[in-house]
Structures are given as C-alpha cells and as structure tokens.
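Submitted below is the structure of interest, expressed as structure tokens.
Each reported figure results from applying straightforward, stated rules to the coordinates on display, with no laboratory input. Predicted, not measured: the structure shown is a model, and the values here were computed from it. Methodologically, a virtual Cβ is constructed for each residue, glycine included, from the backbone with ideal geometry; neighbour enumeration extends over all protein chains shown.
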Amino acid sequence: MRHKLCLLWSWWVRLTTAGLPDLPACLRWRGWLYGLAMRRRGRDFQVAAGARLVGLESLAVGDHVYLAPGSVVLAAADVTLEDEVMLAYGAVVTDGDHTAASGSYRFGPRRNARVHVGRGAWIGANAVVLAGVDVGEGSLLAAGSVATRDLPANCMAGGVPAHVIHAAGAGSGA
C-alpha cells in the first residue's frame, strides 16, 4: 500500500510543479516535496521539472544532489545517491532487471539489486546505471554509457558496457 501511495505522491508532485521554471528555488521546492515520501532526503535536493522518480520509499539522497530534466530514478528495492551527486539530462538509474521465463522477458521474474552512487559522482547525459552497480566516489560515467558492473572511485568510465577510461591518482579529480 505504501508503494502505491508513493506513486500517487510522485505523480502529484510532477503534475503540480510541472509549470514551474527550473530556477534554484523551484528545484529545491520540488526536491523537498519528493523528499516527504522518500527513505531519506538531504539538504538542497534539487529536481528539474522533467525528472521522474519512481519508488520514493526505496530512494535515499544525500546533500546537494541534482537531477536534471529527463533523468529517471527507478527504485524498487534500494537506490542511494550520496552527497553532491549529479544526474545529467536523460540519465537513468535503476535497481531492477527483467529475467527470462519460457523464452520471454515479458513474464520473467524481476531481479532487484542495490544501487549506490558515491559522493560527488556525475552520471552523464543519457547514461544508464543498472541494478547491482556501485559507482565510486568522485567518478564520472560518460554520456551514453551503460554501467553494468561496479566503477572504482575517482575514475572516468565510458562505453557500452562501461569500462574505466581514466583512473585518477589519490586526491585528484577524474
């Protein structure tokens, strides 16, 4: 029942704030409204008008998190976005996968696995983080990439599937 109420709340927030411009005060207001139904919401949570959040009861975000227009977070079990995480335009973070049954994915059982995006990470435009992936602190997932396995801290990763392109030294940014 809680899940259905959270879906209704998410829909209501999207509907009632869709006409607001993406100015900092409106971004924060939208983030505050979503946060009322979330597992955890940090300070200065900013959500653009076109972002879509599903499964608020399974979503935790830290301080100063930004979700750009067109970004999607699908949290069926456990999605955590640590402090200062940014999701760019069209980025998708999901903790669920479909599995096949009798040669079809349509009615196969769903597999959920925790997703964790570390502090200061940036998920680029149209990039996808799949179920079970841990994106390390300070990492960048390049535009259009698909993260199918864990990414280390302070790296730049890209491709389909994503692989490390550049690993930064200790204490330096990617």
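Among the chymotrypsin sites (Phe, Trp or Tyr not before Pro) within the range 61-125, which fall in a DSSP loop and have no more than 11 other Cβ atoms within 10 Å of their own Cβ?
Within the range 61-125, the qualifying chymotrypsin sites (Phe, Trp or Tyr not before Pro) (loop, at most 11 other Cβ atoms within 10 Å) are Tyr105, Phe107.
Now, a different point. Please report the net charge: other residues with Cβ closer than 15 Å to the Cβ of His116, K and R +1, D and E -1.
Summing Lys and Arg as +1 and Asp and Glu as -1 gives -3.
For Glu82, what charge total do you get from the other residues with a beta carbon under 10 Å from its beta carbon, if Lys and Arg give +1 and Asp and Glu give -1?
So the environment of Glu82 carries a net charge of -3.
With charges only on Cβ, +1 for K and R and -1 for D and E, what is the dipole size of the chain about its Cα centre, in debye, rounded to 20?
620
Within a Cβ distance under 15 Å of His3, other residues only, what is the Lys/Arg minus Asp/Glu net charge?
Net charge around His3: +1.
Quick check: the distance between the Cα centres of the range 134-164 and the range 1-57, to the nearest angstrom?
Taking the Cα centre of each part, the range 134-164 and the range 1-57 sit 26 Å apart.
What is the extension gain from Leu15 to His166, computed as 0.36 nm multiplied by their sequence separation minus the C-alpha to C-alpha distance, in nm to one decimal?
Extending this stretch completely gives an extra 50.3 nm.
Of Leu23, Leu59, Leu141, which is the most mobile in a GNM of the chain whose springs link Cα atoms less than 10 angstrom apart?
Leu23
Tell me the relative contact order for the chain as a rounded percent, counting alpha carbon contacts under 8 Å between residues six or more apart.
Relative contact order here is 12 percent.
Sticking with this one: Could you please tell me the mean projected area of the C-alpha convex hull for the range 2-167, averaged over all directions and given in square nanometres to one decimal?
9.3
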